[in-house]
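Visitor: I'd like to ask you about the structure that follows.
The values are calculated or read from the model by the stated rules, or taken from the named source; none is laboratory data. All figures in this text were calculated on a predicted structure; none of them were measured in a lab. Here the Cβ positions follow ideal geometry from the backbone for every residue, glycine too, while neighbour counts run over all protein chains shown. Only protein heavy atoms, including side chains, enter the accessible area calculation; ligands, DNA and RNA are left aside. Shrake-Rupley method; radii C 1.70, N 1.55, O 1.52, S 1.80 Å.
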Amino acid sequence: KQEVTQIPAALSVPEGENLVLNCSFTDSAIYNLQWFRQDPGKGLTSLLLIQSSQREQTSGRLNASLDKSSGRSTLYIAASQPGDSATYLCAVKNSQGGSEKLVFGKGTKLTVNP
Amino acid sequence: DTAVSQTPKYLVTQMGNDKSIKCEQNLGHDTMYWYKQDSKKFLKIMFSYNNKELIINETVPNRFSPKSPDKAHLNLHINSLELGDSAVYFCASSLGYTGGNSPLHFGNGTRLTVT
């Protein structure tokens, strides 16, 4: 059974700092890994999707890496801004019980202080 | 706007009642999902439909019944509501299912409170 863990559960940084969020998963037979952002009272917004054959994806100040063999992914945020404050969730897609499922971690709550 | 929209945004009801949550997407996706986010913010899949066909049915009580009249709609009906059903329910959609690499698009959630 796939389990996704995100560390730390919460992170507070001053504006302008570069930071890394971590995600680990137990079953390396994944189709893809996705990073989402969730703002309070809102749904999830997809940030980056890394296919199992890829090692990283970049979008603006965000860079996500994937090391499938070790079951790890990182989300790097450069030059953080107060608007980056949100909960960041990692999710992996793999096959379980004959169905493809997206399994989520519990998220890292990021606070960027001005 | 192209989006996943679900209604209502808030739902407060008493134990034992029956309620429905509606979801619609205009993204042209063929796969839709219901997720439940509990008080600890843990997001877990409940159901998934691909082209109106039920694909995933997690260990969810029979009181929960999804219905997909067409590819763009996936509704969730809940019978005999219990206190433990209080949570935020998210609808999502994606393009393709098997082996697909389409990111999920989420609605803004329905906060259900059972009193």
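Visitor: Answer yes if at least one residue in the range B:71-78 is open to solvent by 70 Å² or more (accessible area, probe 1.4 Å) and of a type in the set (A, V, I, L, M, F, W, C), and no otherwise.
Guide: no
Visitor: A further question on this structure: Please tell me if B:Pro66 is in a strand (DSSP E or B) and away from every other protein chain (no Cβ under 14 Å).
Guide: Yes, satisfied.
Visitor: For the range B:6-57, please list each of the strands (runs of 3 or more DSSP E) lying entirely inside it that holds at least 1 residues being within 12 Å of chain A (Cβ to nearest Cβ) and open to solvent by 20 Å² or more (accessible area, probe 1.4 Å).
Guide: Of the strands (runs of 3 or more DSSP E) lying wholly inside the range B:6-57, those with at least 1 residues that are within 12 Å of chain A (Cβ to nearest Cβ) and open to solvent by 20 Å² or more (accessible area, probe 1.4 Å) span B:10-13, B:31-37, B:43-50, B:53-57.
Visitor: Could I ask something else about it? Could you list, ordered by first residue, the pairs with Cβ atoms under 7 Å in which the first is in the range B:43-67 and polar (S, T, N, Q) and the second is open to solvent by 90 Å² or more (accessible area, probe 1.4 Å), at least 6 apart or interchain?
Guide: B:Asn51/B:Lys71
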